[in-house]
Every structure is written in C-alpha cells, then in structure tokens.
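Asker: Sharing a structure with you now.
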Amino acid sequence: MTFIFVKLQSAAFRALNSDEGQGLTEYALILALVAVVAIASLKFLGSGVNKELTSVATSL
C-alpha cells in the first residue's frame, strides 16, 4: 500500500512541476501580441490606404 502512495505522490509532484506546456504558452502570447499589433496598424493606416487606392482606381 505504501508503494502505491509513493508512486502517486511522485506522479503528482512531477505533474505540478512540469514545464512542458510553457513553450506553447509563450508562443501563443507572442502570436496574440503580433495579432494585436497587426490589427492596430490596420486600423491606424486603413483609411489612408483606402484613400490612396480609391485615388488610383479613379485615375484609371
């Protein structure tokens, strides 16, 4: 019975101290940051780009 308890305790300790998911979380945060920057830049530059494209289209 003690052997099973020690094995369960060891498995729980390894699970709580595991760093395997850390890399995936960091990549997800970086991807979210890139997406926020891209959306903000499109919002900021979108009207200017639309104006220029409309100008080019009307001149053709």
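Asker: Is it the case that VAL49 is at pLDDT 90 or above, among the β-branched types (Val, Ile, Thr) and assigned to a helix (DSSP H, G or I)?
Answerer: No.
Asker: I've got another one for you. Does THR54 satisfy the condition of being surrounded by 10 or more Cβ atoms within 10 Å (Cβ to Cβ), modelled with pLDDT of 85 or more and more than 21 Å from the chain's Cα centre (by Cα)?
Answerer: Criteria met by THR54.
Asker: Every residue in region 10-41 that is at pLDDT below 85 and in a helix (DSSP H, G or I), please.
Answerer: Within region 10-41, SER10, ALA11, ALA12, PHE13, ARG14, ALA15, LEU16, GLN22, GLY23, LEU24, THR25, GLU26 meet the criteria.
The values are calculated or read from the model by the stated rules, or taken from the named source; none is laboratory data. The shown structure was predicted, so the numbers you read here are calculated from the model rather than taken from an experiment. Don't worry about glycine lacking a Cβ; one is built from the backbone with ideal geometry, like all the others, and counts go over all protein chains shown.
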